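Engineer: Provided herewith is a single structure, encoded as structure tokens, for subsequent inquiry.
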There are 2 protein chains.
Amino acid sequence: MQMDERKRKILRAIVQDYIATAEPIGSRTIARKFDMGVSSATIRNEMADLEDLGFIEQPYTSAGRIPSDAGYRYFVDCLMDPQVLNPEDMEIIERESTKRINELQEVIAHTSKLLSELTNLTSLVLGPHKGKSTFGKMHFLPYQPGQVIMVIVKENGVVENHIIDVGENLTAEELQQVAGVFNQKMRGYSIGQVKRSILHEIYSELSRQRLLIDNALDMLRAILDDNEDEERIHLGGTLNMLNQPEFKDLSKVKTLFKVFEENESLKKVLTPRQEGLNVTIGGENTLKEFRDCSIISATYKVNGLMIGAVGVLGPTRMDYAKVIAIVDFMTRSLTEVLTKHRR
Amino acid sequence: MQMDERKRKILRAIVQDYIATAEPIGSRTIARKFDMGVSSATIRNEMADLEDLGFIEQPYTSAGRIPSDAGYRYFVDCLMDPQVLNPEDMEIIERESTKRINELQEVIAHTSKLLSELTNLTSLVLGPHKGKSTFGKMHFLPYQPGQVIMVIVKENGVVENHIIDVGENLTAEELQQVAGVFNQKMRGYSIGQVKRSILHEIYSELSRQRLLIDNALDMLRAILDDNEDEERIHLGGTLNMLNQPEFKDLSKVKTLFKVFEENESLKKVLTPRQEGLNVTIGGENTLKEFRDCSIISATYKVNGLMIGAVGVLGPTRMDYAKVIAIVDFMTRSLTEVLTKHRR
DNA sequence: TGTTAGCACTCTCCATCGATGAGTGCTAAC
DNA sequence: GTTAGCACTCATCGATGGAGAGTGCTAACA
């Protein structure tokens, strides 16, 4: 049996109606709502075929039909009109992205919020994978007696500042000397690459500032170590799930929310299989808790180097055309903002 | 009618049993479970009295009794054994608080998480109210061509760094000169106090670095302006509410979660009426959405200056003794950590 | 006077039952 | 290939009617 034009038309009608109403739809309703030019009986026959093909299914005998995962997949791949994001949403995204935003962490939180508000679904944003952080440059600035501000510039351009103890009062010259040695010996190294010989050299050149060096190295280890923080996943609009009729059952909500608390699983889900846009439908999800959900995700770049991903999670019955348009536009906008920001 | 010892004993039994089981309790059960030395009929009479006094109520005719808000209040004020935090929890808190934590924001997130995990309820943490931020000191450090790192030390000791454009390449001496002028003119001032005359002086002394000054002032305005971010409320364990039998009704969950999204209301709820520990029970809440909830909150200090608050939100039926002990210990620990951290 | 036993009464909870209605699959006619 | 007709299925909803828990009241008892 083959798909023909009429079958496609009927399948499209079923998917669109179910996306809108969340109710199984019957042959009579299709004939009435979408004027097919044929009677309900004919549609009934076609629907039997569509069921044989695996594109639709009945929740129970003599209910209407709903799309199966395969049906959604066919819809997304072959039937859906690729939608241009509606101008209002586009404007919102662009307006929001021009706001002054300082911290990467804030950009992520902001993106996440926007995404969930526009889709009324749950958004997932994975911060840029930083790769191995390598030491770029270090400065010391005076702070309180016995403490200094240590400013670290990593090679990828990220700047961090921390306060460390130096024990005794050191002069500006002494501090500069210490920083100079660090800058000379460690530039371009990740903390793992700093061999004992290098440490040895540092200590021997700066034998008198032992406490300062110890504290600085401690801090560097913490900073340059694969910093989980920026790789953490950010969730937005988890509560939107409560508005979806498929989650009117509390136990379903709970299992879903339990997953939300496990960062590792989420990271795996969102980590892109390939660059660009991905659509994962229902049972295609590796995570069994998401077998009733679909995920639209896309990657973004910064300087072509760091790679992160944003995604939207919703029930399998979601407005694919719209969500895809939003996610697509959002990643483009995000790439642009981040590139501008750290030019 | 007066409360006597037996009435108190019965009320305590009702509250404790209801806290544990979430089921209305009847006279027969009380007589059986807690050996009162009297028959159920006697307890029945006493319960009728307690109901007249307003301490207990029936959800419906011929169900058992449950404590009223007034009943909980009486329990908390007069009946409850003040509980010492159990050693395991105490150890957890102390172990966690010794972890290296750099950012204030992280301390807050961490506290919130810990609090919700220990209580199985929802935690609220209000970051320190920073008051007006005033300018302390500024430094410039080299970054990329055309950009520099601006390090701001506020008078309260907070250090921030930001990257700003300087247009042309400036020498280290020029940068130091600019910073010197800022440090001399603006020390101790909040951005609102910087009068036009001061700006005028800065511009006239540094007529050539116009772009740098403009950008620096822009950034200072953003940084010193009442930074909402650090005053934002942090929620933890919102999902714990789903495990409470009183929220098995989805619509209740939704109204509650809606409030969670309004930071302003939450801030108001948590902003302490007085220093130290506060218990707000059910209908005592000003927020009508929280009329079925109780809040245990407490304030914490940093250097006796900044004041924030932590709180735990749960159903009216909560284990007051335990939660109070946890919140109390937690604020003490928090005060200690923060004081040590920014000594 | 306080305590207890007994009893009728109330009200929720739960399972059962039947009517309703939406929708299907099949057959036969067009 | 399309359509009308019809029997059949199954979820939903409201009504019904025990079962069980708990109360309030009365009367007896110490």
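The values are calculated or read from the model by the stated rules, or taken from the named source; none is laboratory data. The shown structure was predicted, so the numbers you read here are calculated from the model rather than taken from an experiment. Every residue, glycine among them, receives a Cβ derived from its backbone with ideal geometry; neighbour counts consider all protein chains shown. For the accessible areas, the whole protein counts, side chains as well, though only heavy atoms, and no ligand, DNA or RNA atoms are used. Shrake-Rupley method; radii C 1.70, N 1.55, O 1.52, S 1.80 Å.
Engineer: Got a sec? Which of B:LEU242, B:LEU224 is within 14 Å of chain A (Cβ to nearest Cβ) and more than 27 Å from B:GLY71 (Cβ to Cβ)? Outline the logic, then answer.
Structural biologist: Values: B:LEU242 fails: more than 27 Å from B:GLY71 (Cβ to Cβ).
Going through B:LEU242, B:LEU224 in turn, just one is within 14 Å of chain A (Cβ to nearest Cβ) and more than 27 Å from B:GLY71 (Cβ to Cβ): B:LEU224.
Engineer: Could you please give the count of residues in the stretch A:248-271 that are surrounded by fewer than 17 Cβ atoms within 10 Å (Cβ to Cβ) and away from chain B (no Cβ under 14 Å)?
Structural biologist: 4
Engineer: Residue by residue through the stretch A:45-87, note down the ones that are open to solvent by less than 20 Å² (accessible area, probe 1.4 Å), modelled with pLDDT of 95 or more and not in a helix (DSSP H, G or I).
Structural biologist: A:ILE56, A:PRO67, A:SER68
Engineer: So, one more: Can you name every residue in the stretch B:39-54 that is more than 9 Å from DNA strand D (Cβ to nearest atom) and either within 14 Å of chain A (Cβ to nearest Cβ) or touching a residue at least 12 places away in the same chain (Cβ under 8 Å) (or both)? Quick ask: steps written out before the conclusion?
Structural biologist: In the first step, residues of the stretch B:39-54 are kept if they are more than 9 Å from DNA strand D (Cβ to nearest atom); the result is B:39, B:42, B:46, B:49-50, B:52-54.
Listed by number, the residues that qualify are B:GLU46, B:ASP49, B:LEU50, B:ASP52, B:LEU53, B:GLY54.
Engineer: Check off (1) of a type in the set (A, V, I, L, M, F, W, C); (2) surrounded by 19 or more Cβ atoms within 10 Å (Cβ to Cβ); (3) within 16 Å of the chain's Cα centre (by Cα) for A:LEU277 and give me the number that stays unchecked.
Structural biologist: Going through the list (1) of a type in the set (A, V, I, L, M, F, W, C); (2) surrounded by 19 or more Cβ atoms within 10 Å (Cβ to Cβ); (3) within 16 Å of the chain's Cα centre (by Cα), A:LEU277 breaks only (2).
Engineer: Do you know which of the residues in the stretch A:59-73 that are within 16 Å of DNA strand D (Cβ to nearest atom) and touching a strand residue (DSSP E or B) at 6+ places or on another chain (Cβ under 8 Å) is nearest to A:THR29 (Cα to Cα)? Spell out the reasoning first.
Structural biologist: Here is the first cut: in the stretch A:59-73, the residues within 16 Å of DNA strand D (Cβ to nearest atom) are A:59-66.
In the following step, the residues that additionally are touching a strand residue (DSSP E or B) at 6+ places or on another chain (Cβ under 8 Å) were identified as A:59, A:64-66.
Values: A:PRO59: 17, A:GLY64: 9, A:ARG65: 11, A:ILE66: 13 Å.
In this case the residue turns out to be A:GLY64.
Engineer: Say we look at the stretch A:25-44 and pick out the residues that are within 39 Å of the chain's Cα centre (by Cα) and either open to solvent by less than 50 Å² (accessible area, probe 1.4 Å) or among the aromatic types (Phe, Trp, Tyr) (or both); which of these is nearest to DNA strand C (Cβ to nearest atom)? Break it down into steps so the answer makes sense when it comes.
Structural biologist: The initial filter retains those residues of the stretch A:25-44 that are within 39 Å of the chain's Cα centre (by Cα), namely A:25-26, A:29-30, A:33-34.
Add one more test, that the residue is either open to solvent by less than 50 Å² (accessible area, probe 1.4 Å) or among the aromatic types (Phe, Trp, Tyr) (or both), and what stays is A:25-26, A:29-30, A:34.
Values: A:ILE25: 6, A:GLY26: 3, A:THR29: 5, A:ILE30: 8, A:PHE34: 14 Å.
So the residue we want is A:GLY26.
Engineer: Which condition does B:GLY71 not pass, out of (1) within 14 Å of DNA strand C (Cβ to nearest atom); (2) in contact with a helix residue (DSSP H, G or I) (Cβ under 8 Å, 6 or more places away or on another chain); (3) closer than 23 Å to B:ARG291 by Cβ, if it passes all the others?
Structural biologist: Here B:GLY71 meets the rest and fails (1).
Engineer: Has the stretch A:96-112 got at least one residue that is away from chain B (no Cβ under 12 Å) and without any contact (Cβ under 8 Å) to a residue 40 or more places away in the chain?
Structural biologist: The answer is yes; a qualifying residue exists.
Engineer: Here is a further query. When the residues of the stretch A:93-120 are filtered to those that are open to solvent by 50 Å² or more (accessible area, probe 1.4 Å) and modelled with pLDDT of 90 or more, which remaining residue is farthest from A:VAL323 (Cα to Cα)?
Structural biologist: By that ranking, first place goes to A:LYS113.
Engineer: Hey, any hits in the stretch B:204-214 for a residue that's in a helix (DSSP H, G or I) and within 12 Å of another protein chain (Cβ to nearest Cβ)? Show your work before the answer.
Structural biologist: Filtering the stretch B:204-214 down to residues in a helix (DSSP H, G or I) leaves B:204-205, B:210-214.
With the extra rule that they be within 12 Å of another protein chain (Cβ to nearest Cβ), the set shrinks to none.
No: zero hits.
Engineer: Filter the stretch B:45-68 for residues that are of a type in the set (Gly, Ala, Ser) and out of contact with any Asp or Glu (no Cβ under 8 Å at 6 or more places or on another chain); which is farthest from DNA strand C (Cβ to nearest atom)? Give the steps one after another, and end with the answer.
Structural biologist: Taking the stretch B:45-68 as the starting set, the residues that turn out to be of a type in the set (Gly, Ala, Ser) are B:48, B:54, B:62-64, B:68.
Filter again for out of contact with any Asp or Glu (no Cβ under 8 Å at 6 or more places or on another chain), leaving B:48, B:54, B:62-63.
Details: B:ALA48: 11, B:GLY54: 21, B:SER62: 3, B:ALA63: 6 Å.
Looking at the filtered set, the residue picked out is B:GLY54.
Engineer: For the stretch A:305-319, check the following and say yes or no: at least one residue is away from every other protein chain (no Cβ under 14 Å), over 13 Å from the mean Cα position of the chain (by Cα) and part of a helix (DSSP H, G or I). Break it down into steps so the answer makes sense when it comes.
Structural biologist: At the first step, the residues of the stretch A:305-319 found to be away from every other protein chain (no Cβ under 14 Å) are A:305-319.
Still in the running and over 13 Å from the mean Cα position of the chain (by Cα): A:305-306, A:314-319.
Filter once more, keeping what is part of a helix (DSSP H, G or I): none.
The answer is no, given that none of the residues of the stretch A:305-319 is away from every other protein chain (no Cβ under 14 Å), over 13 Å from the mean Cα position of the chain (by Cα) and part of a helix (DSSP H, G or I).
Engineer: Criterion first (among the aromatic types (Phe, Trp, Tyr), at pLDDT 95 or above and either more than 26 Å from the chain's Cα centre (by Cα) or not assigned by TED's automatic domain parsing to the domain that holds B:LYS248 (or both)) does B:TYR18 satisfy it?
Structural biologist: Numbers: among the aromatic types (Phe, Trp, Tyr): yes; at pLDDT 95 or above: yes; either more than 26 Å from the chain's Cα centre (by Cα) or not assigned by TED's automatic domain parsing to the domain that holds B:LYS248 (or both): yes.
So B:TYR18 passes the test.
Engineer: While we're on this one: Would a scan of the stretch A:278-287 turn up a residue that is in contact with a Ser or Thr (Cβ under 6 Å, 6 or more places away or on another chain) and within 14 Å of chain B (Cβ to nearest Cβ)?
Structural biologist: Scanning the stretch A:278-287, I find no residue that is in contact with a Ser or Thr (Cβ under 6 Å, 6 or more places away or on another chain) and within 14 Å of chain B (Cβ to nearest Cβ), so the answer is no.
Engineer: Identify the residue in the stretch A:10-24 that is surrounded by fewer than 17 Cβ atoms within 10 Å (Cβ to Cβ) and more than 9 Å from DNA strand C (Cβ to nearest atom) and, among all such residues, is farthest from the other protein chains (Cβ to nearest Cβ). Lay out the reasoning, then the answer.
Structural biologist: As a first pass, look at the stretch A:10-24 and keep what is surrounded by fewer than 17 Cβ atoms within 10 Å (Cβ to Cβ): A:20-23.
Still in the running and more than 9 Å from DNA strand C (Cβ to nearest atom): A:20-22.
Values: A:ALA20: 22, A:THR21: 20, A:ALA22: 16 Å.
Per the stated criteria, the residue is A:ALA20.
Engineer: Is the stretch A:269-276 home to any residue that is in a helix (DSSP H, G or I) and out of contact with any Leu (no Cβ under 7 Å at 6 or more places or on another chain)? Lay out the reasoning, then the answer.
Structural biologist: Within the stretch A:269-276, the first condition is being in a helix (DSSP H, G or I), and the residues that meet it are A:269-270.
This time we only want the ones that are out of contact with any Leu (no Cβ under 7 Å at 6 or more places or on another chain), so: none.
No, the stretch A:269-276 has no match at all.
Engineer: I'm trying to understand the selection: among the residues of the stretch A:288-300, which are assigned to a helix (DSSP H, G or I) and either within 14 Å of chain B (Cβ to nearest Cβ) or open to solvent by 40 Å² or more (accessible area, probe 1.4 Å) (or both)?
Structural biologist: Taking the stretch A:288-300 and keeping what is assigned to a helix (DSSP H, G or I), we get A:288-290.
The answer is A:LYS288, A:GLU289.
Engineer: Among residues belonging to the stretch A:130-187 that are within 11 Å of chain B (Cβ to nearest Cβ) and of a type in the set (D, E, K, R), point out the one that is surrounded by the fewest Cβ atoms within 10 Å (Cβ to Cβ).
Structural biologist: A:ASP165
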